[in-house]
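Q: Before we start, here is the structure in question, set down as C-alpha cells.
The values are calculated or read from the model by the stated rules, or taken from the named source; none is laboratory data. Because the structure is a prediction, the values reported are computed rather than measured. So basically every Cβ, Gly included, is an ideal-geometry build from the backbone, and we count neighbours across all protein chains shown. The accessibility values were calculated without ligands, DNA or RNA, using every heavy atom of the protein model including side chains. Shrake-Rupley method; radii C 1.70, N 1.55, O 1.52, S 1.80 Å.
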Amino acid sequence: MEHSDQGFDGRFGKDLRNVKLEKGRCSCDVTVHDGLANGYGTLHGGMIATLLDVVSSVALLTVADRSGVSLELNITYLGAVPIGDVIEVDAQVIKVGRSVGTIQIDVRNKKNNKICAVG
C-alpha cells in the first residue's frame, strides 16, 4: 500500500515544524492553535495521542523498512498546554523486533520546559 499526503496524515503533517530525524529518533515542534485545542483553550488530549502515534511511526521508519500500525498506545498526561504555546515531541525507538517496535515519546512545553505528556 502506498502512502498518500491526502487525508488525515496529509492534513496533520502541516502542523509539524522543525522536524529532525536521526537513526531511531524523530522530533518536531507544534504550535498549539484553535484547531488543536479543546473547549478549555488547551491542547486536546486526542491531539496529543495523534501526535504520539504519528511521530513514533516516523521514528520507527528511521530504523525499519516499514512502519505498520500501532498495537498499543499508553499516554500519561502531566500538564495542560495553552493555545499559543509550542510543544516539542520527541520519539525514540527503544526496540525493534521481527514484527513489533517499542517507541518512547516525550511531549514538552517549550515555554516552560516542562514535560506535559509521555507515552
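Q: Filter the range 1-40 down to the residues that are of a type in the set (D, E, K, R) and at pLDDT 90 or above, then identify the one that is nearest to VAL93 (Cα to Cα).
A: ARG25
Q: Here is a further query. Within the range 17-26, is there a residue that is assigned to a strand (DSSP E or B) and open to solvent by less than 50 Å² (accessible area, probe 1.4 Å)?
A: So far as the range 17-26 goes, yes, one or more of its residues are assigned to a strand (DSSP E or B) and open to solvent by less than 50 Å² (accessible area, probe 1.4 Å).
Q: Do we have ARG98 as of a type outside the set (Val, Ile, Thr) and in contact with a helix residue (DSSP H, G or I) (Cβ under 9 Å, 6 or more places away or on another chain) here?
A: In short, no.
Q: Something else now. Could you say which residue among LEU51, LEU43, LEU78 is at pLDDT 95 or above and either out of contact with any helix residue (DSSP H, G or I) (no Cβ under 8 Å at 6 or more places or on another chain) or of a type outside the set (A, V, I, L, M) (or both)?
A: LEU78 is the lone residue from the list that is at pLDDT 95 or above and either out of contact with any helix residue (DSSP H, G or I) (no Cβ under 8 Å at 6 or more places or on another chain) or of a type outside the set (A, V, I, L, M) (or both).
Q: Which members of the range 68-90 meet the condition of being open to solvent by less than 90 Å² (accessible area, probe 1.4 Å), of a type in the set (A, V, I, L, M, F, W, C) and more than 18 Å from ARG17 (Cα to Cα)?
A: LEU73, ILE75, ALA80
Q: Just checking, how many residues over the range 35-57 are open to solvent by less than 20 Å² (accessible area, probe 1.4 Å) and not hydrophobic (A, V, I, L, M, F, W, C)?
A: The total comes to 1.
Q: Could I ask something else about it? With the requirement that a residue be closer than 16 Å to MET47 by Cα and either free of Cβ contacts under 8 Å to residues at least 40 places away in the same chain or open to solvent by 40 Å² or more (accessible area, probe 1.4 Å) (or both), what does the range 91-114 give you?
A: Scanning the range 91-114 gives ASP106, ARG108, ASN109.
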